[in-house]
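*Asks:* My structure is below; once you've seen it, I'll send some questions.
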Amino acid sequence: MPDRLRRSFFRKPADRLAADLLGQRLVRAHRGHRRAGIIVETEAYLGTIDAAAHTYQGRRTPRNEAMYADAGHAYVYFTYGMHHCMNVVAHSADTPEAVLIRALEPAEGLEAIRRRRPKARRDTDLTSGPAKLCAALDIDRKLNAADLTSSTRLWIEPGHTITPDRIVRTPRIGIDYAAEWTEKPLRFCLRNHPHLSRPAP
């Protein structure tokens, strides 16, 4: 089994995990081939208190059940009838917090990634958004609830150490409905990175 992040890495509040995931390597394995990228942008969703979270006020449905799993599981959902988004479950079982993976820097399997994203005009656009990276790495609902500490199809490997001065925090994207949670700085980005979903000040 390849070196990968252990359960203890994920057992922390989502806002801490969102920062700590920056620089780590997300790996998708399929038929003996690897596609991977360095995580450069994340968003934290703080569970039952967070008006933007799928588990706000304790909401629990078949769709979001994976958010109630132990830390280190994948929560993959389908949105707008066409896109998948991948989250990493944080904290602990029945404390439904998660981190949305918003952007990657492609690191392995670049030709395969390009084939899965034929409309991308440049390499910096291949995985610069949550739906884009799921399309590029072939992440869909079949991987929902995958245990990232043991799965042979999807996991996260240790990557670069990121110092705090390289991290920028901004409000999350596309959550205008979330009242006072709209402006909370729960988006985490690598400063000036070319693969971000949108620039961060």
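The values are calculated or read from the model by the stated rules, or taken from the named source; none is laboratory data. Bear in mind the structure is a predicted one, so any value in this text is a computation, not a measurement. We place every Cβ from the backbone using ideal geometry, glycine too, and count neighbours over all the protein chains shown.
*Asks:* Only residues that are touching a helix residue (DSSP H, G or I) at 6+ places or on another chain (Cβ under 6 Å) and in a strand (DSSP E or B): list them for the stretch 145-166, please.
*Replies:* Just the residues of the stretch 145-166 that are touching a helix residue (DSSP H, G or I) at 6+ places or on another chain (Cβ under 6 Å), to begin with: 145, 149, 154.
Within the stretch 145-166, 154 is the sole residue that qualifies.
*Asks:* May I pose another question? From the list 152, 127, which residue is over 21 Å from residue 97 (Cα atoms), in contact with a Pro (Cβ under 8 Å, 6 or more places away or on another chain) and of a type in the set (Val, Ile, Thr)?
*Replies:* From the options 152, 127, the qualifying one is 127.
*Asks:* Which condition from (1) modelled with pLDDT under 95; (2) part of a loop (DSSP other than H, G, I, E, B) is the one that residue 185 breaks?
*Replies:* Answer for residue 185: the failing condition is (1).
*Asks:* Right, next: Of the residues 46, 22, only one is under 21 Å from residue 129 (Cβ atoms), in contact (Cβ under 8 Å) with a residue 60 or more places away in the chain and either of a type outside the set (Ser, Thr, Tyr) or touching a helix residue (DSSP H, G or I) at 6+ places or on another chain (Cβ under 7 Å) (or both); which?
*Replies:* Working: 46 fails: under 21 Å from residue 129 (Cβ atoms).
Going through 46, 22 in turn, the sole match is 22.
*Asks:* Then there's this: Of all residues in the stretch 50-85, which are under 17 Å from residue 17 (Cα atoms) and either out of contact with any strand residue (DSSP E or B) (no Cβ under 9 Å at 6 or more places or on another chain) or in a loop (DSSP other than H, G, I, E, B) (or both)?
*Replies:* Scanning the stretch 50-85 gives 50, 53, 69, 70, 71, 72.
*Asks:* While we're here: Go through 185, 130 for me and flag whichever is loosely packed, with under 14 Cβ neighbours inside 10 Å and not charged (D, E, K, R).
*Replies:* Details: 130 fails: loosely packed, with under 14 Cβ neighbours inside 10 Å.
Every option except 185 fails the conditions.
*Asks:* Taking residue 113 and the conditions (1) more than 15 Å from the chain's Cα centre (by Cα); (2) surrounded by fewer than 21 Cβ atoms within 10 Å (Cβ to Cβ); (3) over 25 Å from residue 53 (Cβ atoms), which numbered condition does it fall short on, given that it satisfies the others?
*Replies:* The one condition residue 113 does not meet is (2).
*Asks:* Could we say that residue 37 is in contact with a Phe, Trp or Tyr (Cβ under 7 Å, 6 or more places away or on another chain) and either crowded, with 24+ Cβ neighbours inside 10 Å or under 16 Å from residue 130 (Cβ atoms) (or both) here?
*Replies:* no
*Asks:* Quick check on this structure: which one of 122, 141, 172 is surrounded by 15 or more Cβ atoms within 10 Å (Cβ to Cβ), of a type in the set (Lys, Arg) and modelled with pLDDT of 95 or more?
*Replies:* The unique qualifying residue is 172.
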